[in-house]
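What follows is a set of notes on a single structure, which appears directly below.
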Amino acid sequence: MRIKDTVGGAFFLGLQLRPIGFPVVSHFNLQPMAVRPENFTMRNLVRVAFLLVACSVSQICASFSFNTKDLVLLVNDSTTLTLTLTDNVLRNTTLILSTNHKDLLTTNVTKIEVTNSTGTNVWPVELFGHDAGHDLLKVDAFPPSIKCSDAFVRVTLQHSNELALFSVIVGWVYFVAWSISFYPQMYENWRRKSVVGLNFDFIALNLVGFILYSMFNVGLWIPEIEKDYISRNPRGLNPVQLNDIFFSIHAVFATLITVIQCYCYEKGDQQVSRTAKSIMSFYGLIIAVLLVLVYLQKIVWLDFLYYCSYIKLTITLIKYIPQAVMNYKRKSTIGWSIGNIFLDFTGGILSILQMIINAYNYNDWASVFGDPTKFGLGLLSVIFDILFFLQHYVFYRYVPRLIFCIVHVVAYCMFTVL
């Protein structure tokens, strides 16, 4: 293919094109028509520009990539990756291999010289793991005429494969525990044909929180929004997994069933309090403002979903308070299923345990203490569960009965002796 620019403005692309100001003549035996330069139109400019862009793109067709994007490596172990060059290289290029943390991960080569090539080249790259953590191996080309955006590997360095497997098992156990934690309360309501003792503020806040959580999880799987996330985190992974979507949607479904039970069964004079209505109205106002900002293109949908997740976090902070206060005022936990608390407590303890296991195995204690939100919310849920245990087994149900029984037995013994 030959491109030439003459003084008169003529372009040649394999076949002859007429000078600027004249119509394009195909390679068939057609006679050109003489057209005055002043009749030159925008269409001719577009054609010329298209040809120039197509030619320039065709010269940058080479790219690099590794044989994997994610790798798990044990500390004091090594493995070999394959770096592949595809298509053509029109000039000599230097590749620089680098990692973010030299104390965690190193390679046997840091520089690769690539000469003019018209075929596929493959280079083995050996990795050495020195300490636990997360690192990124990347490749940069100089001059930057070769596409290297796909030439990276996310490397997870861990102390033990067994600990990693145990962490996965713990994760699935608390996922199941949290997923079925909704059903003891539904069964309790159905058995008693009553929701007296179940705080409606807790149910309402729970429903709003799980709806927002579902919006965040489902939203990050929408291709357009996921593309925005990847553009902000080009070498990251989508944080939402399929089980996250299942759990959040299932939580909305289960909470809706409980809401229906609140309408169908005996409820006494219980209703959603003005305080809870005010809080939810405030959340609704925030969401409405965010939607307006999205409509005005001040923020994108990804930002909207992040703000929804922040609202969900605040709901998690306060949703248990109304039920605890109600139990205190009634001096009873009748109507509040303790089975729900057992499962929630199990899930909370195991989630904290998994965080500690991962922190040790990946030397990532910052994920526990450096991010107080996730760890703090899990710990707060466990603390509320312990409070509900105390209310159920110590403060309001069994201890008063036990004291009554002890007093009765002592009095009976004294009466018998006398």
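The share of Cα pairs per 5 Å bin across the range 216-372, counted from zero up to the longest distance, runs 1, 6, 9, 16, 18, 17, 14, 10, 6, 3, 1, 0 percent. Would you mind classifying the range 276-323 by shape? Square roots of the alpha carbon gyration tensor eigenvalues, ordered a ≥ b ≥ c; an a/c under 1.5 is rounded, otherwise it is prolate if a/b is larger than b/c and oblate if not. In terms of gyration-tensor shape, oblate.
Take the Cα of Tyr328, step 7 Å toward its Cβ, do the same at Ala288, and the gap between the two points is 3.3 nm.
Can you tell me the FRET efficiency between His101 and Lys298 if r is taken as the Cβ-Cβ distance and R0 is 41 Å, rounded to the nearest 0.05? Don't skip to the answer; put the middle values down first.
On the way: r = 37 Å, r/R0 = 0.91.
Result of the calculation: an efficiency of 0.65.
If R₀ is 30 angstrom, what is the calculated FRET efficiency for the pair Leu380 and Tyr183, using the beta carbon separation as r and rounding to 0.05? Working from the Cβ atoms, E equals 0.80. At q = 0.14, 0.18 Å⁻¹ the log10 of I(q)/I(0) for the range 310-362 amounts to -0.56, -0.80, computed by Debye summation with a single uniform scatterer per C-alpha, solvent ignored.
Computed with a 1.4 Å probe over protein heavy atoms only, the accessible area of Leu205 comes to about 10 Å². For Cys264, the solvent-accessible surface with a 1.4 Å probe is about 100 Å², rounded to the nearest 10. Going by accessible surface with a 1.4 Å probe and the largest first, Tyr229, Tyr263, Tyr328, Tyr307 read Tyr263, Tyr328, Tyr307, Tyr229.
Solvent-accessible surface of protein heavy atoms, probed at 1.4 angstrom with all chains present, puts Phe282, Phe152 in the order Phe282, Phe152, largest first.
When the pairs Lys147/Lys227; Lys69/Lys111; Lys102/Lys147; Lys69/Lys147; Lys227/Lys312; Lys193/Lys312 are compared against a 27 Å limit on Cα-Cα distance, Lys193/Lys312 fall above it. Val218 exposes around 60 Å² of accessible area when a 1.4 Å probe is run over every protein chain in place.
Show me the ranking of peptides 354-360, 332-338 by mean Cβ neighbours inside 10 Å, starting with the highest.
On the way: 354-360: 17.9, 332-338: 19.4.
Answer by packing, highest mean first, reads 332-338, 354-360.
For the range 125-181, rounded, prolate or oblate, judged on the Cα gyration tensor with a ≥ b ≥ c (square roots of eigenvalues), a/c < 1.5 rounded, else prolate if a/b > b/c? Mind showing how you got there, number by number?
Numbers: a/c = 5.54, a/b = 2.18, b/c = 2.54.
Taking the square roots of the gyration eigenvalues as a ≥ b ≥ c, the range 125-181 is oblate.
The values are calculated or read from the model by the stated rules, or taken from the named source; none is laboratory data. From a predicted model like this one, the values you see are computed outputs, not experimental measurements. Cβ: placed from backbone, ideal geometry, glycine included. Neighbour counts: every protein chain shown. The accessibility values were calculated without ligands, DNA or RNA, using every heavy atom of the protein model including side chains. Shrake-Rupley method; radii C 1.70, N 1.55, O 1.52, S 1.80 Å.
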